[in-house]
Amino acid sequence: MTAETAPDSSLSILDLHQDVALLTAAVMDINSVSGNEKQLADAVEAALAEIPQLRVVRDGDAIIARTELGLGERVILAGHLDTVPLPLTEGSRGTVPSTWDSGVPGEGVLYGRGATDMKGGVAVQLALAASLFDGGRQPKRDVTFVFYDHEEVEAVKSGLGRLVRNHGDLLQGNFAILLEPTDGTVEGGCNGTSRFEATTVGEAAHSARAWMGSNAIHAAAPILARLAAYEPRTVNVDGLDYRESLNAVKINGGTAGNVIPDRCVVEINYRFAPDKSPDQAEAHVRELLAGFDVVRTDAAAGARPGLQHPAAASFVAAVGAEPKPKYGWTDVARFSELGIPAVNFGPGDPLLAHKDNEHVSADAIRTCLRALEEWLAG
């Protein structure tokens, strides 16, 4: 095992053999808002180090734990340790520490930050790591567990991106599952995402003599009109229908209440199907906004579903539900860039992610764990 720092005396203890719903609550109770993942990373590393069949590698606040059994197939199970900031609403149930609606630990619905995004999935990973070798058992596939920091912030800080750069050889595999919340349904691939700034320029003047200037905010009206009239496409990729969206998400212009604005910037977000590259997505936006100054400020490619791969097909069959497309961008795209087919599969309703009432049912967590245990064993 390698690590940057040795665990300290305040290390939280995680019992990986307890009921996975109770383990989820224990993981949630360690506050790990982005940038504050160290305590949880320490606890995860210490718990995994107790499993002799795993090789554990630490990089910052990210951990890789691998079986090295020499089996014919390797599966990657990945999840991020961080959460978005805690709710600001006083009395919110989506905070830390977690709470059970039943008042009985392990029964009913678990509330708190990270319940769905994605500490339920992280707890499933940890429980799997502990149960793979219980009772002398051995999985039918080698497994790489990946726990990483800084997913909920800008991509340049991504812990998974850092692991790809520093330990890419340890992230090779035949198939990857990202345990983001999907309500227990396989969601293949993901849409790509890109951001643009469309800028209009005018001439400043006193608002009492507006005719002496040129209003840059007014000049942005055709941009908004084109976006409002735009009809997003639905694109079928490898059998799944990906719905796109193109929207203005922010607008900035003006300097004072008595000044005609000489500059206006409209920020635009395009969620595009994984049949196109970021450059192709940019060309589409530029065509729509022809005549305006458009600059791409950020982009991340999507990921094709890859459900035709034998490992992916066997997993979909084991889960049993009809697979769906992933509309939002997730880190399956990073595995896709490595040439590894990847899907999203985890407990909890993704529509509850980041909400002040974030919650997940104990049964959903247990069902997710059971599906993965049976597939890995089979």
Compare the Cα positions of Ala228, Pro261, Ala248 along the charge dipole of region 192-300 (+1 at Cβ of Lys, Arg; -1 at Cβ of Asp, Glu; about the Cα centre) and return the one farthest towards the positive end. Pro261
Using Cβ counts within 10 Å as a stand-in for footprinting exposure, how do Cys190, Cys368 rank, fewest first? Cys368, Cys190
Normalise the Cα radius of gyration of the chain by 2.2 N^0.38 Å (N = residues in it) and let me know the number. 1.11
Grab the Cα-Cα distance for Ser277 and Leu71, subtract it from 0.36 nm times how many residues apart they are, and report the gain in nm with one decimal. 70.7 nm
Could you give the distance between the Cα centres of region 223-248 and region 28-81, to the whole Å? 37
Most mobile of Ala364, Ala41, Ala303 in a GNM of the chain (Cα contacts under 10 Å): Ala364
DSSP beta bridges in the chain, what fraction antiparallel, as a percent rounded to 5? 75
Residue by residue through region 28-41, the couplings from Karplus 6.51 cos²θ - 1.76 cosθ + 1.60 with θ = phi - 60°, in Hz, x for Gly and Pro, are 5, 6, 9, 4, 9, 4, 2, x, 10, 8, 4, 4, 5, 4
Honestly region 262-369 on the Cα gyration tensor test (a ≥ b ≥ c root eigenvalues; a/c under 1.5 rounded, otherwise a/b vs b/c for prolate or oblate) is just oblate
Extension gain from Thr234 to Asp169, taking 0.36 nm per residue of separation minus the Cα-Cα distance: 19.8 nm
Along region 103-110, Karplus-curve 3J(HN,Hα) (6.51, -1.76, 1.60; θ = phi - 60°) to the nearest Hz, with x for Gly and Pro, reads x, 10, x, x, 10, x, 10, 9
If you take the square roots of the eigenvalues of the alpha-carbon gyration tensor of region 146-238 and sort them as a ≥ b ≥ c, do you get rounded (a/c under 1.5), prolate (a/b over b/c) or oblate? prolate
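Cα-Cα over 28 Å: which of Lys250/Lys355; Lys38/Lys324; Lys276/Lys355; Lys119/Lys276? Before the final figure, lay out each step's value.
On the way: Lys250/Lys355 21 Å; Lys38/Lys324 34 Å; Lys276/Lys355 31 Å; Lys119/Lys276 32 Å.
Where the Cα-Cα span goes over 28 Å, the pairs concerned are Lys38/Lys324; Lys276/Lys355; Lys119/Lys276.
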Over all directions, what mean area does the Cα convex hull of region 62-200 project, stated in square nanometres? 12.7
Counted neighbours (other Cβ, 10 Å), sorted fewest up, put Ser314, Ser102, Ser194 in the order Ser102, Ser314, Ser194
For the chain, what is the mean residue ellipticity at 222 nm derived from helices alone (per DSSP H run of n ≥ 4: -39500 (n - 2.57); sum divided by total residues; nearest 500 deg cm²/dmol)? -7500 deg cm²/dmol
What list do you get for Lys157, Lys326, Lys119 if you sort them by fewest beta carbons within 10 Å? Lys157, Lys326, Lys119
Charge dipole (debye, nearest 20) of the chain; +1 at Cβ of Lys and Arg, -1 at Cβ of Asp and Glu: 760
Which residue fluctuates most in the GNM of the chain (Cα springs below 10 Å): Leu170, Leu23, Leu128? Leu170
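If you scale each eigenvalue of the Cα gyration tensor by 5 and take the root, what three semi-axes come out for region 192-300, rounded to whole angstrom and sorted largest first? Before the final figure, lay out the partial values.
On the way: eigenvalues 226, 26, 21 Å².
Semi-axes (√(5λ), whole Å): 34, 11, 10.
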Taking springs between alpha-carbon atoms closer than 10 angstrom, which of Ala78, Ala49, Ala228 fluctuates most in the Gaussian network model of the chain? Ala228
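Read-outs throughout are calculated quantities, based only on the coordinates presented, and are distinct from any laboratory measurement. Since we're looking at a predicted model, the values are computed, not measured. Glycine gets a Cβ as well: all are built from the backbone with ideal geometry, and neighbour counts include every protein chain shown.
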